[in-house]
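Engineer: Pasting a structure below so you can have a look.
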Amino acid sequence: MDTKGKIMITCEEATYLISKKQQDKLSHAERLKLFMHLIMCRYCYRFASQVTLITKAIKRLKRRIENKQIKIKLTEEQQLRLNSAIKKHRCD
Amino acid sequence: MNSQPVVLDPDSWVRKYGDILYTYAISRVNDPNRAEDLVQETFLAGLKNMAGFKGHSSEQTWLIAILKRKVVDFYRQKARNREVKLETNPQRFKKDKPMKGHWLDTFTPKRWDNEAQIKLESDEFMHILKRCIEKLPIKWASCFMLRIMEEMKTEEICKELNITSSNLWVILHRARLQLRDCLESNWIKE
């Protein structure tokens, strides 16, 4: 989405910049345009804070899985299946 | 420092790492059977590559790295040979002047209260997120998983999925728009 050459951007363009900002640095021009839009548009402002919350939640989820704070246990059946697969392939 | 060399012990893998690998897999793929398959493939690949294990990392880190690769393969294969259909995206913004590019009334983001943040921090989030990702077109879901969950580099994803980087950015953006909608209407504001 090219916003070069204009100062006022649309919601469609603003949301794109908000999205981009989640993982990439915006240029100075992009930051300024987004800022100008967000002080005028409550929907995009809302969108920005919600998308940021979602990004944070995903990061938190990944961290919690890595730290074993979320653990989904294998059933006994699944464990048996996995163990016998390992045994079988060790003998091969 | 002289640390003990790590010796691999496949007989203890399921007991020691089964749950953590399964949790990782199930957070990435929606189907428990598919997740179990990925864990099994990981163990078998581990057995095959035991000679390649240099002991620089722990057994667990090594196995998770293998699983990660399996997840990436899974999404790459899913996305392969699929056209990128951007038009499956519902039109969220006005098409005609003078309000071209502004939110359509039905698609304006709703206000979220404090409850929303509590929900996003709950363990339920993992399941809702997966359900919402599942609803995305396959190629979008793959882009999202590889970039956001697996944190693969942009160039790598473009190569694997055969798309341009600007394509990837647009896909990720549309995926986010849709994901936000899905979370809002199916969970936060149900």
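Engineer: Give me the inter-chain shielding for B:129-142: mean count of other chain Cβ atoms within 10 Å, whole number please.
Structural biologist: Mean partner-chain Cβ count within 10 Å for B:129-142: 0.
Engineer: Taking beta carbons within 10 Å but only from partner chains, what does the mean come to for residues A:61-67?
Structural biologist: Partner Cβ neighbours, averaged per residue: 5.
Engineer: Among B:15, B:92, B:80, which one moves the most in a GNM of chain B with springs linking Cα atoms closer than 10 Å?
Structural biologist: Most flexible of the set in this elastic network: B:15.
Engineer: Which of B:122, B:166, B:72 sits closest to the plus end of the dipole of the range B:12-166, meaning its Cα is farthest towards the positive end, when Lys and Arg get +1 and Asp and Glu get -1 on the C-beta?
Structural biologist: My answer, from the dipole projection, is B:166.
Engineer: Please report the carbon-and-sulfur percent of the accessible area for chain A; probe 1.4 Å, protein heavy atoms only, DNA, RNA and ligands left out.
Structural biologist: Carbon with sulfur: 54 percent of the solvent-accessible area.
Engineer: Now for a separate question. What Cys residues in chain B are without a partner cysteine, judged by a Cβ distance under 4.7 Å?
Structural biologist: Cysteines of chain B left without a disulfide-compatible partner: B:143, B:158.
Engineer: Calculate the mean, over all residues of peptide A:73-82, of how many other protein chain Cβ atoms lie within 10 angstrom of the residue's Cβ.
Structural biologist: Going residue by residue through A:73-82 and averaging, the value is 5.
Engineer: Output the relative contact order of the range A:11-91, whole-number percent, from Cα pairs under 8 angstrom with separation of 6+ residues.
Structural biologist: Relative contact order comes out at 24 percent.
Engineer: I'd like to know which of A:23, A:78, A:36 lies farthest towards the positive end of the charge dipole of the range A:11-91, counting +1 on Cβ of Lys and Arg and -1 on Cβ of Asp and Glu.
Structural biologist: The residue sitting farthest along the positive end of the dipole is A:78.
Engineer: Pick from B:61, B:106, B:164 the residue whose mean-square fluctuation is largest in a GNM of chain B, springs joining Cα atoms under 10 Å.
Structural biologist: Per the Cα network of chain B with a 10 Å cutoff, B:106 tops the list.
Engineer: Could you give the size of the charge dipole of the protein assembly as shown about its Cα centre, using +1 on the Cβ of each K and R and -1 on the Cβ of each D and E, expressed in debye and rounded to the nearest 20?
Structural biologist: Using Cβ point charges on Lys, Arg, Asp and Glu, the protein assembly as shown gives about 740 debye.
Engineer: Ok, one more. Given a 1.4 Å probe, show me the residues in the range A:17-49 buried by at least 50 Å² of accessible surface when comparing the whole protein assembly to the chain alone.
Structural biologist: Listed by number, the residues meeting the 50 Å² cut-off are A:19, A:23, A:43, A:46, A:47.
Engineer: Ok, one more. Do any trypsin sites (Lys or Arg not before Pro) in the range A:4-41 lie in a loop, going by DSSP, with at most 16 other beta-carbon atoms within 10 Å of their beta carbon, and if so which?
Structural biologist: A:4, A:6, A:25
Engineer: Now, a different point. For the range B:105-188, what is the relative contact order in percent, using Cα pairs closer than 8 Å and at least 6 residues apart in sequence?
Structural biologist: Computed value for the range B:105-188: 40 percent relative contact order.
Engineer: What is the dipole size for the range B:105-188, taken about its Cα centre, with +1 at each Lys and Arg Cβ and -1 at each Asp and Glu Cβ, in debye to the nearest 20?
Structural biologist: Around 300 debye, computed over the range B:105-188.
Engineer: Rounded to the nearest 20 debye, what is the charge dipole size of the range A:11-91 about its Cα centre when +1 sits on each Lys and Arg Cβ and -1 on each Asp and Glu Cβ?
Structural biologist: Roughly 540 debye, rounded to the nearest 20.
Engineer: Based solely on C-alpha atoms, express the radius of gyration and the Dmax of the protein assembly as shown in angstrom.
Structural biologist: 21.7, 72
Engineer: Then there is this: Mind grabbing the accessible area of residue B:169 for me, 1.4 Å probe, Å², rounded to tens?
Structural biologist: Looks like 50 Å² after rounding.
Engineer: Right, here's the next one. Can you tell me, using C-alpha contacts under 8 Å and at least 6 residues apart, the relative contact order of the range B:10-74 as a whole percent?
Structural biologist: 37
Engineer: While we're looking at this one, here's another question. May I ask for the distance between the Cα centers of the range B:27-85 and the range A:48-92, given as a whole number of Å?
Structural biologist: Answer, in whole Å: 12.
Engineer: Is any helix in chain A, taking whole DSSP H runs, at least 30 angstrom long along its axis by alpha carbon and on average at least -0.5 on the Kyte-Doolittle scale, and which ones?
Structural biologist: Length and hydropathy pass: A:42-66.
Engineer: Buried accessible area between A and B (1.4 Å probe, both chains summed, ligands and nucleic acids excluded), in Å² to the nearest 100?
Structural biologist: Adding both sides of the contact gives about 4700 Å².
Engineer: Can you tell me which of B:97, B:110, B:153 moves the most in a GNM of chain B? Springs connect C-alpha atoms under 10 Å apart.
Structural biologist: Of the options given, B:97 has the highest mean-square fluctuation.
Engineer: To continue, here is another question. Which whole-number percent of Cα pairs in the range B:84-156 have a distance greater than 16 Å?
Structural biologist: Percentage above 16 Å: 69.
Engineer: Taking only protein heavy atoms into account and a 1.4 Å probe, give the accessible area per residue of the protein assembly as shown in Å².
Structural biologist: 57
Engineer: How about the range B:11-45: which of its residues lose at least 30 Å² of accessible area in the presence of all protein chains relative to their chain isolated, using a 1.4 Å probe?
Structural biologist: B:11, B:14, B:19, B:20, B:22, B:23, B:36, B:40, B:44
The values are calculated or read from the model by the stated rules, or taken from the named source; none is laboratory data. Note that the structure is predicted; figures quoted are calculated from it, not measured. With ideal geometry, Cβ positions are generated from the backbone for all residues, glycine too; neighbour counts draw on all protein chains shown. Note: accessible area is taken over every heavy atom of the protein model, side chains too, but ligands, DNA and RNA are not part of it. Shrake-Rupley method; radii C 1.70, N 1.55, O 1.52, S 1.80 Å.
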